[in-house]
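Let me begin by presenting the structure, written as structure tokens, before commenting on it.
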Amino acid sequence: VKPPLPFSPGAEVAGLINEETDIVKVEQTLDRHFKIASVSLAVTTVGALFYSPLLVLGVPGIVYTAVTLVFPDAYHTLVKKGQVGVGLVDSIAIVGMLATGNFFIATAATWLIMLSLKILHKTEDHSLKQLVNILGDQSRSVWVYKEGVEVEIPLANLQVKDVIIVNTGETVPVDGAIVHGVVSVDQHILTGEAQPVEKGVGDTVFASTVVLSGRMQVVVERAGAATVAAQIGKILHNTADYRSSVQARGQAIADKAAWPTLL
């Protein structure tokens, strides 16, 4: 887990690196349960179509998935929040289908629940990775050209109008104009361009792009939250927030339908 960025692009991005680690753990858990649900569905499908004794073999996978994911969600909503939610409906449905011997339907329902969770997680994970890719690759220090001497200083101490040195293989830490040197820059993370771009004196370079070849001196025009990369990150973060709010409203509507569904 990377420590907080020394030159933070904005408070709205704080904690993204730690959150990415949590998302990896969630992804591993969902992948494991989805595989179990898929195997159970395959077994019960064969059982329903060809050999009925196989239906029973799919039950352990359903029970494991329900006990470790579906039931805890129902418990949290009912006991911790005092609400009847979709998790409780799913739990009662799964138990009811198992109790009445509808193993194939129970397996199919469980598989659909896991599929929906994976799709939701993939959406959230993609948004977070976009943010981390844009904002998480900043260096800790930067070389500044002062009075004919190159001095390494912390990135957080960099000031507008400072002249920095960026070498081959390094990520550009700021937005600025080239005052010396010719370089080849990979800026696909910002523009989507597949081919590197040749840039020389007077051209503008942007934070989070990578120098593929050459060496340049850049006068700092924008740094931190003012860079184009940080602004893109802010837009992506707000988009993720909007998606979360839509998801929350959808969840609220589904929870309101829980009582009528139970009845």
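Tabulated results
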read-out	value
Which listed pairs, of 35/256; 25/256; 25/122; 81/118; 35/80; 80/122, have C-alpha distances above 22 Å, in listed order	35/256; 25/256; 81/118; 35/80; 80/122
³J(HN,Hα), Karplus 6.51/-1.76/1.60, whole Hz, each residue of segment 159-169, x for Gly, Pro	10, 4, 6, 5, 10, 10, 10, 10, 9, 4, x
Packing-based order for 255-262, 166-173, 98-105, 59-66, using average beta carbon neighbours within 10 Å, highest first	59-66, 166-173, 98-105, 255-262
Rounded to the nearest 20 debye, dipole of segment 19-95 from Cβ charges on Lys, Arg, Asp, Glu	280 debye
Cα principal axis extents for segment 35-81, largest first, Å	45, 17, 13
Packing rank of 146-159, 37-50, where each peptide gets the mean count of other beta carbons within 10 Å, highest leading	37-50, 146-159
Residues with amide H under 5 Å from that of residue 212, placed H, sequence gap 5 or more	169, 184, 185, 186
Carbon + sulfur, % of accessible area of segment 19-124 - ligands and nucleic acids excluded, 1.4 Å	70 percent
Nonlocal amide H pairs with residue 162, under 5 Å, H built at 1.01 Å	220
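The values are calculated or read from the model by the stated rules, or taken from the named source; none is laboratory data. If you're wondering where the values come from, they're calculated on a predicted model, not measured in any experiment. Positions of Cβ are generated from backbone atoms using ideal geometry, with glycine treated the same way; all protein chains shown enter the neighbour counts. Just so you know, the surface numbers come from the protein's heavy atoms only, side chains and all, with ligands and any DNA or RNA stripped out. Shrake-Rupley method; radii C 1.70, N 1.55, O 1.52, S 1.80 Å.
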